[in-house]
1. Quick one: count up the residues across the stretch 131-157 that are part of a helix (DSSP H, G or I), surrounded by fewer than 11 Cβ atoms within 10 Å (Cβ to Cβ) and not charged (D, E, K, R).
2. So, of the residues in the stretch 31-82 that are in contact with a Ser or Thr (Cβ under 7 Å, 6 or more places away or on another chain) and of a type outside the set (Lys, Arg), which turns out to be surrounded by the fewest Cβ atoms within 10 Å (Cβ to Cβ)?
3. Residues of the stretch 143-157 being under 16 Å from Asn45 (Cβ atoms) and either within 20 Å of the chain's Cα centre (by Cα) or touching a residue at least 60 places away in the same chain (Cβ under 8 Å) (or both), which ones?
Amino acid sequence: MTCKPRSAKRAENSKLLSRSEIMARIRSTGNKTTELRLMRLLVKNGVKGWRRGSQLLGRPDFVFPAKRVVVFVDGCFWHGHPVLCRLPSSNRTYWVKKIEGNKRRDREVSAYLKRRGWTVLRIWEHELKRVNQLRLLRRLLRCLARARRARLDEKKA
């Protein structure tokens, strides 16, 4: 019995899997540069009432159920930031189609959730850098305050 080096096994397996299957294996939660960084910011600043792992359409990263606010943390590459998304030079048509599809799905999910009474907040990955965190925190708190006022107004009416 011969044992192949790990890299040879990986190369052999990647030949058997389609690009779609490989991409499907990439996990979309627990990303240290996005969701976990926002989670630390929320905890550090005492922001309460959020949940993770929601089954709502689009799988929001954070949900504030009492205020009906959902937060998506979008990677600048995968979600096509207008300035910071740099597409690879190889297989460009594939990547343009992929990123445009992601952007279209983001718009559809946001519209769907808004029609159902949710406030949707989308945060870009680069906004989580330390230099931007105060601005981001203010933006999030304003969004939560507006949503809270709107919910109170609905109950009064």
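The values are calculated or read from the model by the stated rules, or taken from the named source; none is laboratory data. None of the values given here were measured: they were computed from a predicted structure. Please note: Cβ atoms are built from the backbone with ideal geometry, for glycine as well, and neighbour counts cover all protein chains shown.
1. The qualifying residues number 2.
2. My answer is Gly75.
3. Residues satisfying the conditions are Cys143, Leu144.
Residue-by-condition table, conditions (1) within 19 Å of Arg146 (Cα to Cα); (2) touching a Lys or Arg at 6+ places or on another chain (Cβ under 8 Å); (3) among the small types (Gly, Ala, Ser); (4) at pLDDT 95 or above:
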| site | (1), (2), (3), (4) |
| --- | --- |
| Ser28 | no, yes, yes, no |
| Thr33 | no, no, no, no |
| Met39 | no, yes, no, no |
| Val43 | no, no, no, yes |
| Gly46 | yes, no, yes, yes |
